[in-house]
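Have a look at the structure below before the remarks.
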């Protein structure tokens, strides 16, 4: 079957129907050199002229193959020949023995997002296409047949105020290849795209072996799943708005009676979201573990349960969920320069505007002596919560957020607030 190239008008209609941009936008485009990203670059080069904006091709060199540096230089010449600005970000690392694709992807997003924030880029485009979406759908389906993750790749995702936009999700890869060929643009091929040690490559080859009718059937299933999951997301959001209570120090509490009125599927997804956020994790707990907790919750009026680095304290009327800290944790020193901020436990932002800070863990051993030195009006705070907070040392003074007076922290130029790695409701839009 011959697939046509994507036309300028078709692409413009896609952008205007699904996305909005600021005046004279400055847009970053992730460019690997493959046909997907080169096609996106070609299409955006024409579109951006009408808005009198500009685009920047951002290439991430994973530094995992000997030839990657040479390929980067070849790609830079191709991009600049198209009249587009180019920048390269190199990942310097030691050898990676396991989870190569996952680690590389996480590092790529982390560094590119950091670059965009530094250069005031608020829109970043990636070249994920329909084939990628189907591959992701099949991979997730294999792991969990009811997860909200089966909605697959969202067309917009917001991370640290950066919009990650995927305008090619409606196009087959073959159409992207046709778009490059029409403009006589050659693309680079990454050898890892043919390595069947990787699950995605195996799934990709599986899809290639199927006929058009079979592919359309899978695509239809994906669309239906998106519709079903959108309904679920709305129900979960309604539950969070009405029945979930959140405390600034990182504790969640839900009404047990209202929770048990939800379907089993919704209860699983509700707990997945809360546990991921409360635990400061970037992945959700296993369905099997949640089902085990739910079976205990049916039979017991009150009990404690550890799951996904969180403690679930179940009592007659509610379920409280908080981060669990190991009692074996040692006192460790952490430092923060003035004018900087950092993420504490993947859950809290600490920012110091005036002073350099020293921070320590709070443990069962050092807390009795520290407690006497901290002027606290919130002494009833559970020690399990206190352990998850930092001890901040400044000019001989010792302060702990939520225990020490907020006014005192403000005078010292210290900000401390809940900002989890994965928010309770991801800013994903299907």
Residue 321 vs. criteria within 27 Å of the chain's Cα centre (by Cα), in a helix (DSSP H, G or I) and closer than 22 Å to residue 261 by Cβ: no
Identify all residues within the range 383-424 that are buried (at least 21 other Cβ atoms within 10 Å of the Cβ) and on the phi > 0 side of the Ramachandran plot; write none if there are none. none
Residue match in the range 228-244 (condition: part of a helix (DSSP H, G or I), at pLDDT 90 or above, over 24 Å from the mean Cα position of the chain (by Cα) and surrounded by fewer than 15 Cβ atoms within 10 Å (Cβ to Cβ)): yes
Before we move on, is residue 26 within 30 Å of residue 199 (Cα to Cα) and in the same structural domain as residue 165 (by TED's automatic domain parsing)? no
Name the pairs: first residue in the range 54-76 and over 18 Å from residue 112 (Cα atoms) and outside the structural domain of residue 35 (by TED's automatic domain parsing), second residue surrounded by 13 or more Cβ atoms within 10 Å (Cβ to Cβ) and at pLDDT 90 or above, Cβ to Cβ under 6 Å, at least 6 apart or on different chains? none
A careful count of residues in the range 285-300 that are loosely packed, with under 15 Cβ neighbours inside 10 Å, modelled with pLDDT under 95 and assigned to a loop (DSSP other than H, G, I, E, B) gives 1
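The values are calculated or read from the model by the stated rules, or taken from the named source; none is laboratory data. Owing to the predicted nature of the structure, the values given are computational and were not obtained by experimental measurement. Please note: Cβ atoms are built from the backbone with ideal geometry, for glycine as well, and neighbour counts cover all protein chains shown.
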